[in-house]
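Just below is one structure, and these are the notes that go with it.
The values are calculated or read from the model by the stated rules, or taken from the named source; none is laboratory data. Everything quoted here is computed from the prediction, not taken from an experiment. Note: ideal-geometry Cβ built from the backbone for every residue, glycine included; neighbour counts use all protein chains shown.
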Amino acid sequence: MVGIGHPLRGDDYIGSFILRELKKSVNVMPVNVQLINAEDSVESVITRLVELRPKHVIFIDACEMNMRPGETRLIPVAATEYPFFTTHGIPLKLLSEQLLPESESWILAVQPKQVDFSDNPSPEVRRAGVEISDYVSKLLTEVNN
């Protein structure tokens, strides 16, 4: 799982926020699960992703989908088009196709309310982030039992 988001752009930070919450709540991470916080630079973790050669990759990111703030969708990266609807440099589709061709890649997309200068997410997006983190944490804990 790769969390994406700029720490000073409000709801844009939601992917990194979710990963941070997961790291706090999961005592023992399953050996086949990695949590990688890319923040606002997916490019900074490309080498690590390529070296891991994951079977599955889930990018968690704020994405403009013309939905209500906090609504989420799990979207196959292959189903997205250029240009994609995120704020980072390299489109995730290009990254996945070129550098992770053997991985099944997904985007857990969260609709932002605001991405202006702020170090706090909107209440709707924060609530969605906590719910996602709680749900995934429960799944990861069950895998370990």
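Before moving on, here are some points about what is shown:
- The single condition among (1) closer than 17 Å to HIS6 by Cβ; (2) under 15 Å from the mean Cα position of the chain (by Cα); (3) buried (at least 18 other Cβ atoms within 10 Å of the Cβ) that GLU43 does not satisfy is (3).
- For the range 81-96, the criterion of being among the aliphatic types (A, V, I, L, M), in contact with a Pro (Cβ under 6 Å, 6 or more places away or on another chain) and either surrounded by 14 or more Cβ atoms within 10 Å (Cβ to Cβ) or not in a helix (DSSP H, G or I) (or both) is satisfied by no residue at all.
- Failed criterion for ILE107 (all others in (1) part of a loop (DSSP other than H, G, I, E, B); (2) among the hydrophobic types (A, V, I, L, M, F, W, C); (3) buried (at least 21 other Cβ atoms within 10 Å of the Cβ) hold): (1)
- Test for ARG73: is it under 15 Å from SER103 (Cβ atoms) and either modelled with pLDDT of 85 or more or of a type in the set (Asp, Glu) (or both): no
- Top-ranked residue in the range 85-133 [being hydroxyl-bearing (Ser, Thr, Tyr) and at pLDDT 90 or above; ranked as farthest from ILE4 (Cα to Cα)]: SER122
- Flag if ARG68 is surrounded by fewer than 18 Cβ atoms within 10 Å (Cβ to Cβ), part of a loop (DSSP other than H, G, I, E, B), of a type in the set (Lys, Arg) and more than 14 Å from the chain's Cα centre (by Cα): yes
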